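**Q** Please see the structure below; I have some questions.
Just so it is clear, none of the values below were taken in a lab; they were calculated from the coordinates. Note that the structure is predicted; figures quoted are calculated from it, not measured. Virtual Cβ from ideal backbone geometry, glycine too; neighbours counted across all protein chains shown.
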């Protein structure tokens with residue numbers, strides 16, 4: 001799930017950590033996190049933002065408590081090296097931290113668990129076997145592109161934000177070559193601040 005500009009940009013032309021979504025986008029983001037067992041976040045995106053998203057809405061926290069689930073879904077960082085700055089605020093956030101990286105034998109400093117990533121199907125199977133079956137992808141574009149190219153994304157949730165940004169930072173990197181994919185509109189919702197949430201499901205042959 002991603003917040004994007006009307007021209008399909010994820011960040012302004014200068015790049016960096018973009019925060020283009022408003023309160024409406026934040027609500028549907030937290031609803032998705034409340035549904036999820038875990039959230040996937042690319043290491044580059046985490047370095048830019050310094051933290052991951054948390055559920056703050058009291059009704060969603062109460063919902064997870066009634067279901068006997070942890071207050072926050074597990075944060076799964078996808079990394080080539082497993083090395084992250086231990087001073088990131090991410091490591092003080094109140095959640096479980098897992099690392100998904102090639103060749104990891106044990107958790108890097110600051111992480112609670114580590115799983116290998118020989119390829120995407122095997123990585124997702126390992127997460128499911130460890131109890132993380134419902135996953136939300138928080139970013140970034142490189143990670144979204146890799147999972148879409150592997151045809152492992154079941155739904156797309158995009159919040160269109162009423163801004164034009166320009167530049168090269170599209171939510172799907174232009175270097176990603178995809179086979180044609182068909183999607184069906186499952187939900188559309190007008191959000192606060194003139195934002196629009198669109199949720200699509202993958203049509204599989």
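**Q** What nm value, rounded to one decimal, do you get for the distance between residue 14 and residue 57 when each label is placed 7 Å out toward the C-beta?
**A** That separation, rounded to one decimal, is 3.2 nm.
**Q** Would you mind telling me the antiparallel percentage of the DSSP bridges in the chain, rounded to 5? Walk me through the numbers on the way to the answer.
**A** Numbers: 16 of 37 bridges.
DSSP beta bridges in the chain are roughly 45 percent antiparallel.
**Q** Let me check the size of region 119-158 from its C-alpha atoms; what are the radius of gyration and Dmax in Å?
**A** Just the Cα atoms of region 119-158 yield Rg and Dmax of 10.2, 28 Å.
**Q** Just from the alpha-carbon atoms, what are the Rg and Dmax of region 96-145 in angstroms?
**A** Rg and Dmax of region 96-145, Cα atoms, are 11.0, 28 Å.
**Q** Once you sort the root eigenvalues of the Cα gyration tensor of region 85-205 as a ≥ b ≥ c, which label holds: rounded (a/c under 1.5), prolate (a/b larger than b/c) or oblate (the other case)? Display every interim value, and only then the final one.
**A** On the way: a/c = 1.83, a/b = 1.42, b/c = 1.29.
Prolate is the answer for region 85-205, as a/c is 1.5 or above and a/b outweighs b/c.
**Q** Given C-alpha coordinates of region 39-134, what is the ratio Rg to Rh with the Kirkwood estimate of Rh? All intermediate terms of the calculation are to be shown ahead of the outcome.
**A** Values: Rg = 13.6 Å, Rh = 14.0 Å.
Result for region 39-134 is an Rg/Rh of 0.97.
**Q** OK, next. Find the relative contact order for region 39-134 and round it to a whole percent, using C-alpha pairs within less than 8 Å whose residues are 6+ positions apart.
**A** Details: 132 pairs, mean separation 20.6, N = 96.
Across region 39-134, relative contact order equals 21 percent.
**Q** Could you tell me the relative contact order of the chain? Use alpha-carbon pairs under 8 Å, at least six residues apart, and round to a whole percent.
**A** Details: 386 pairs, mean separation 58.7, N = 205.
For the chain, the relative contact order is 29 percent.
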